[in-house]
Structure formats: structure tokens, C-alpha cells
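The values are calculated or read from the model by the stated rules, or taken from the named source; none is laboratory data. Because the structure is predicted, anything quoted here is derived from the model rather than measured. Backbone-built Cβ (ideal geometry, glycine too); neighbour counts: all protein chains shown.
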Amino acid sequence: MNLLIHDLNEEEWNRISEKYTGWEIISDDGTIKPCIGCFGCWVKTPGRCVIKDGYDNMGAAIHRADEITVISRYTYGGFSPFVKNVFDRSIGWVLPFFEIYQGEMHHKRRYPEDKPITFIFRGQMNDSDKAKARSYVEAVCRNFHGIIKDIIFEECETPGCKLSHNKISVKSNPEKIILLNCSLRGNNSNSKKFLDRIAPNIKANSESVNLSSYINRYDELSEILGSAGSIVLGIPLYVDGIPSECLRMMERLEHCDTEGAKHIYVVSNMGFYECTQLRNLMSMVKSWCNHCGYIYGGGVAIGGGEMMGSVLSSTDKGPAKIVAEGLNNLADAINESKEIADIYAGPLHFPRALYMLAASSGWPIAAKKNGLKKKDLYRKEESAVSSKS
Ligand SMILES: Cc1cc2nc3c(=O)[nH]c(=O)nc-3n(C[C@H](O)[C@H](O)[C@H](O)COP(=O)(O)O)c2cc1C
């Protein structure tokens, strides 16, 4: 059986559904929940997401498929929020343990096979947009043990799945700076730790906001964000891009007219070691700024984020040195409302092999707290069929 993941609306789907007769279909019925970054799919119910909304068994759905087709509205160089949500909920497809794959740190396979995937992007895309989408799905396939079968670009003016929002008009205050933690782990996130490290160095009024407090209340959040002269986004890397809920918020802000210039800065972080794997995410934030007419002010892209978050909470020295310097430079730029080049920062004098060893040893410990043994983490789900099919 083949698997189709799509974000088409009913009318669009009816036009092509015949072609996919006999396929397992994952589509948007409005009930999908965002990944909350708990890693339960690795250490509680290995291979399967703990959120029971019918989209919880994507790892097995991917395994069952002979091949996969993904149809997505082109969004800032990547997938639409729904399709990204499905991918974010699919990390149970791989194991929590690590290996070096094509020169980079990645997860080991849970299932033995690589998956052929066809990607169909819809929307209005120029050559540069197409290059971004290509770079993004190449990264996803390296990460998810996929093989790109084809990448197709379908020009269409208004892919019907995009939600229409009320326009909001807000006057921005150049003196107001909002630090928006886009991790749904909220106060426990690494993103929050990095933003907290910047906050005391900011001279203007700054306010910390958690995206997790505004789920389904993005009109309200848009008014708050619209009123800021600068926004500093703290974004964790999810499946090589922006987490789905953060994308939803960003799309909502596209419909917020702000009077006055707005600077956007970003502090992104990731689990793997090489900070360069954040380049697609940084590019997506830039594309979003172009859509909204915001000024992209630059950012810090942090590799080894799970470790750097804790180290930086106690010291600016040792492995955290480059990250701390990067965050200081970013704070200077924010204070002067100026633009800087992105800073890519990772652990200093901390070898990748040691980082991988330390990171891998944490999973069995976390699993033990849930009554699981190390061998349980390798569990395979062979038979369960998604309730969405
Ligand atoms: C659904 C999901 C997908 C992830 N994908 C990646 C990835 O593609 N590359 C990576 O290096 N880390 C990935 N991570 C790890 C997070 O980026 C890392 O744990 C980060 O420190 C989380 O930041 P936060 O605490 O601010 O949420 C992923 C985590 C989750 C939950």
C-alpha cells in the first residue's frame, strides 16, 4: 500500500482523489494536535505518539507504505502547517539513538528500509523558492531515511487549504520588544533558556511570551506581537524546519497590518550537533519576514541545543562560549535595531562523538522512569492502522 499525506481542501481533493484509490490517506480533518516535544514516542510508547487524536501512529503508517506522496502548499520554503504537523508527529518512525549519516549526526532507523517519497509543492513559486523547497526536502530525507523520488511544483494562485483570517491593524511601539518562546515545552524549553539569557541585556521594555499559552488564540497573540517594535523568536528545530504550531502563528501574523517598522530576530536551537543543520529554518524565517514586510535582523543558530541550554544556565564559559558570545552580539543588535549576519554556534571543544554518547545514554534512563527497558525502545509497530485512513 502507498501513503498520501495532503493538505488539499475538499474541492481540490475531489478533483484528484481517483488517482489515489487504494492508498492510505492522511488529510486534515481539523483535529490534529501539535507535537509538544515530550519525546514520549521514544521513551513512553516507543514508535508511537502519546497524543491520541488519530494521527498518533505515523511511524507505522510510513513503515507500511511502499512509497509516499506528500502534497503541500508551499510555505516559506517548506510544508504547510498541517503537513508539517504530520511530519512533527512522525519522529517515532526513527529511533532516539544516533549515527553519523552523510557526514551529519542523525537518528538511527527503527525500521530497516528507506522510503521513496514524491513531494508536490503547490502555490506561486519562483526559482529561488523552488531551490529552498528542494534544499528542505533533501534535509528531511537525510533525517528521515527517505529517498526523493520526485519533487513537483504545481503553480496555482490560491491553494484552497489556506485559512482566511480577519485583518488586524495594530500600531507598533519601537520601544517594545517581545521575546516569543515558540517551543510548546513552554518554561521547560531550551528556547526559553536562550531567550532568558538575552533578556537582561536588552535595554528597552521587554516582555517574555510563551506561544504555548496562546494555542487557538492567535488573534489575541497577533495583537500583542503586532504592537512590538521588535520580536525575538525562540524556535526549536523540528524535522529540519519550523514546528507546525509556530508556522500557524506566523501565517496568522501575515494578516496583521502593523504601522511602523518591525524587526524580527531569531534564536533557533536543535538536538543534533551541527548548527549548520539549522540553515533551512533560518531561511524560512527570512522568507516569512519578506511576506510580512518585516525587517529580518539576524539570529543565532545553536547546535547541540539540549546540552547548551543547560550549560548556559550556569556558565558562559567552556562549551557554551561561542553561543554566549553569539547571544551577546544579538542583544547588541536588538538594542540598536540593526541587522547582523546570522551567527552559527555550537559546543566549543566538545567532540561530536562525546556529545552523541552523552545524548544516547539519556534515552534508556528516561525510558526506565516509564518502566521500560532499553530493548523496548526498539519496538516496531507492524499492524496498527491509522484511524484517519
Ligand atoms: C518533533 C521533533 C522533531 C525534531 N527534529 C529535529 C531535527 O530535525 N533536528 C535536530 O537537530 N533536532 C530535532 N529535534 C530536537 C529539538 O530541536 C531539540 O530537542 C531542541 O533542543 C528542543 O528545543 P526546545 O526545548 O526549545 O523545544 C526535534 C524534536 C522534536 C520534538
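What the table below lists for this structure:
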read-out: Selection from segment 52-77 of residues that are closer than 20 Å to ASP376 by Cβ and out of contact with any strand residue (DSSP E or B) (no Cβ under 9 Å at 6 or more places or on another chain); value: LYS52, ASP56, ASN57, ALA60
read-out: Scan of segment 5-32 for residues that are free of Cβ contacts under 8 Å to residues at least 40 places away in the same chain and charged (D, E, K, R), ordered by number; value: GLU10, ARG15, GLU18, LYS19
read-out: Check on SER230, among the polar types (S, T, N, Q), part of a strand (DSSP E or B) and touching a Ser or Thr at 6+ places or on another chain (Cβ under 8 Å); value: yes
read-out: Only one of ARG197, ARG142 that is within 15 Å of the ligand (Cβ to nearest atom), assigned to a helix (DSSP H, G or I) and not assigned by TED's automatic domain parsing to the domain that holds GLU223; value: ARG142
read-out: Which numbered condition PRO159 fails, given (1) away from the ligand (no atom under 13 Å from the Cβ); (2) under 30 Å from ARG217 (Cα atoms); (3) out of contact with any strand residue (DSSP E or B) (no Cβ under 7 Å at 6 or more places or on another chain); (4) not small (Gly, Ala, Ser); value: (3)
read-out: Scan of segment 213-244 for residues that are away from the ligand (no atom under 16 Å from the Cβ) and in contact with a strand residue (DSSP E or B) (Cβ under 7 Å, 6 or more places away or on another chain), ordered by number; value: ASP219, SER222, GLU223, ILE224, LEU225, GLY226, SER227, ALA228, GLY229, SER230, ILE231
read-out: Top-ranked residue of segment 31-50 - restricted to ones that are within 18 Å of the chain's Cα centre (by Cα) and aliphatic (A, V, I, L, M), ranked as surrounded by the fewest Cβ atoms within 10 Å (Cβ to Cβ); value: ILE36
read-out: Selected residue [among the small types (Gly, Ala, Ser) and within 11 Å of the ligand (Cβ to nearest atom)] from SER172, SER90; value: SER90
read-out: Qualifying residues in segment 320-375 (those that are in contact (Cβ under 8 Å) with a residue 40 or more places away in the chain and within 18 Å of GLU99 (Cβ to Cβ)) - the one surrounded by the fewest Cβ atoms within 10 Å (Cβ to Cβ); value: ALA358
read-out: Test set (1) among the β-branched types (Val, Ile, Thr); (2) over 18 Å from the mean Cα position of the chain (by Cα); (3) within 21 Å of TYR294 (Cβ to Cβ) - VAL232 fails condition number; value: (2)
read-out: Condition check for SER208: closer than 24 Å to SER337 by Cβ, in a strand (DSSP E or B), within 16 Å of the ligand (Cβ to nearest atom) and not aliphatic (A, V, I, L, M); value: yes
read-out: Any hit, segment 155-177, residues being assigned to a helix (DSSP H, G or I) and assigned by TED's automatic domain parsing to the domain that holds HIS255; value: no
read-out: Positions within segment 280-330 being away from the ligand (no atom under 16 Å from the Cβ), small (Gly, Ala, Ser) and under 21 Å from the mean Cα position of the chain (by Cα), in sequence order; value: SER287, GLY297, GLY298
read-out: Selection count where residues are away from the ligand (no atom under 16 Å from the Cβ), in contact with a strand residue (DSSP E or B) (Cβ under 8 Å, 6 or more places away or on another chain) and of a type in the set (Val, Ile, Thr), scope segment 1-25; value: 1
